[in-house]
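Below is one structure, written out as structure tokens; the observations come after it.
No value in this document is a laboratory result; all are computed from the given coordinates. This is a predicted model, so every value here is computed, not measured. Positions of Cβ are generated from backbone atoms using ideal geometry, with glycine treated the same way; all protein chains shown enter the neighbour counts.
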Amino acid sequence: MPQQVSMGAILQCSFGAAPSSLIVLPVNRVMAEGPPAANIMDHIPLLNILPFGSCSVLLGAPCVPATAAPWFPGATTVLIAGMPALDNISKCLCSLGGIISITQPATVKTMVP
């Protein structure tokens, strides 16, 4: 069963050179094992998704995420602030072609169906 993702989750872009962290602001007032729980709308570049080192598409230029669309598919049966919860099998697409995945959800026990 997929795990709930929360603040501090480790992310990886298929075109990025280094892992990144997910920042989840406490505006939704839902916590998961301590930190704020994420939903699919936590995809804003430089606010929620930090850079991934250098970008292989941009030939070594800094990797600044270009994520215009939410994470997908999310846990559609669990809502956080009216939006599907973000689970560790969801992906987010970068406009440059990279696929951002969650390598460590920052939760251990919180499962979302």
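Values computed for the structure shown
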read-out	value
Cα gyration tensor, the stretch 54-103 - rounded (a/c under 1.5), prolate or oblate	prolate
Stretchable slack from Gln104 to Ser54, in nm (0.36 nm times residue separation minus alpha-carbon distance)	15.9 nm
Orphan Cys of the chain, criterion: no other Cys C-beta under 4.7 Å	Cys13, Cys92, Cys94
Amide hydrogen neighbours beyond the local backbone of Ile40, cut-off 5 Å, H modeled	Leu86
